[in-house]
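Below you'll find the structure, written out as structure tokens, and then a few comments.
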Amino acid sequence: MSRSYKVLALVGDGIAHEIVPEALKLLEAVQGAYGLDLEVMGPYEFGAKYYADHDMRSGWDPAVTRELLFEADCWFKGPVGLPEYLNRLPGPYLPINQRLDMDVYANVRPCRLRPGVDSVLVGREPGDIDYIVLRENTEHMYVRVGGQLTRGGETELAVDNYIQTRKGCERIIRYGYELARSGDYKGRAGAPDDGARRLTCSAKWGICRGDNLFKAICEELEPGYPDVETDYAWIDAWSYWAIMRPGYYDVVVMPNQYGDIMSDMSGAVQGSMGLAGSINAGDRHCYAEPTHGSAPDIAGMGIANPTSMILSVGMMLNWLGDKRGDQRLKDAWRGVDAAVDRVLAARRVRTPDLGGSSSTEEFGDAVVEALAPT
Ligand code: NAD
């Protein structure tokens, strides 16, 4: 197969400048190892600092047009945003609101305790924790439907509306069932404790009407997936159970804002935010980005863990492999996943978040070295 794929790379803010180059290095190595032809476009600059540095006229390199984002087979970005610019920048960092405009409705955020990583939960060993937070990505609190009342220069009232639709609930829940079936992005299919393929539906029904709808739609869809066990947990209770019995969970589907919060918590559950990769996936488009932010506390020090960015890019290749029917891309993801595990298991090259003293670059080099077709 000689197909080539266009992959667009965007940098971002803070540690993005350190972790994105490691992902690019990895993509180069993956091409050789798996016989892929990837046309990497960029990396292009964008972000809060870029915006401030360009007289607040443009938040991205002019080469990055909306058309370019749609033309790419897939794309990835480092984290974006810096606290010093919060609410001070008048416009967006990108030409579009990517999640809505590209309709990438599924935010897939795995949480796996990997070999060589000490758990923050007592007594948990690698393989004991292996679940996916599946966050709905286009509805709920982040749709910016609302407004504010400003009188005499003072903002007195702000309203955000919480939106859930039948279409939005149904497609993300179906995505969750399919993820549980495929075992994609997991170390092993099923929940670690009992091997059951399980979809946990989590929200705050009984209080929020949108969440009543979310649960009701899951109940409607449940009979269509008899091979996957369906489980229901209030989101507040789930934040407790995720810590107390993480091995019970396989795929956990939840509305947007809950997923945002629970996936950060899951960053801790897997040992470091620096291990937390993710993709924003739709039926036609996908972009990858780490779960975490720009980590200003360590930016510029060369010590950020690039695993999150590397895994995100690997997951993106798997999505593309599914969409284009190209097994090489899916094998490449499994190869990247295994290479990360090999480096972590050896405990020789480790960034400070995992108790080591290696640099971002040294870790990225070690993953490239460990990459071999499986
Ligand atoms: P953060 O996720 O950047 O950092 C939280 C903690 O995790 C910090 O201690 C940081 O050092 C650590 N951490 C994060 N990534 C790491 C890595 N790869 N290796 C080692 N340690 C890592 O959260 P924050 O400080 O609240 O946010 C900083 C900025 O990022 C804010 O401006 C926020 O708006 C933005 N942000 C962007 C995104 C995104 O682009 N998707 C997501 C979240 C936050």
Cα-based Rg and Dmax for segment 253-346, in Å, come out at 14.3, 41
Kirkwood Rh for segment 219-263 from C-alpha pairs, in Å, is 11.8
Across SER239, SER278, SER263, the residue with the highest GNM fluctuation in the chain (Cα network, 10 Å cutoff) is SER239
CD proxy, 222 nm, the chain: helix-only mean residue ellipticity via -39,500 (n - 2.57) per DSSP H run with n ≥ 4, per residue, nearest 500, stands at -11500 deg cm²/dmol
Percent of all Cα-Cα pairs per 20 Å bin for the chain, counting from 0 up to the last occupied bin, reads 29, 60, 11, 0
Probe 1.4 Å, heavy atoms of protein chains only: per residue, the accessible area of the chain in Å² is 41
per DSSP, antiparallel bridges as share of beta bridges in the chain, % nearest 5, sits at 45
Under a Gaussian network model of the chain whose springs join Cα atoms within less than 10 Å, the largest fluctuation of ARG174, ARG57, ARG348 belongs to ARG57
Segment 62-99 and segment 238-266 have their Cα centres apart by a whole-number Å value of 27
Under the Karplus relation with 6.51, -1.76 and 1.60 and θ = phi - 60°, whole-Hz ³J(HN,Hα) for segment 108-116, x at Gly and Pro, equal 9, 10, x, 10, 10, 7, 8, x, x
On each of the three principal axes the extent of the alpha-carbon atoms of segment 129-255, given in whole Å and largest first, is 60, 30, 26
One finds, for ASP53 and ASP193 with R0 = 51 angstrom and r their Cβ-Cβ distance, a FRET efficiency to the nearest 0.05 of 0.50
Projected convex hull area of segment 82-140, Cα atoms, direction-averaged, in nm², equals 6.9
Given backbone amide H placed at 1.01 Å from N, residues whose amide H is under 5 Å from that of TYR232, ignoring those fewer than 5 places away on the same chain, are CYS201
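The values are calculated or read from the model by the stated rules, or taken from the named source; none is laboratory data. The structure displayed is predicted, hence computed values, not measured ones. Positions of Cβ are generated from backbone atoms using ideal geometry, with glycine treated the same way; all protein chains shown enter the neighbour counts. SASA here: full protein model, heavy atoms, side chains in, ligands and nucleic acids out. Shrake-Rupley method; radii C 1.70, N 1.55, O 1.52, S 1.80 Å.
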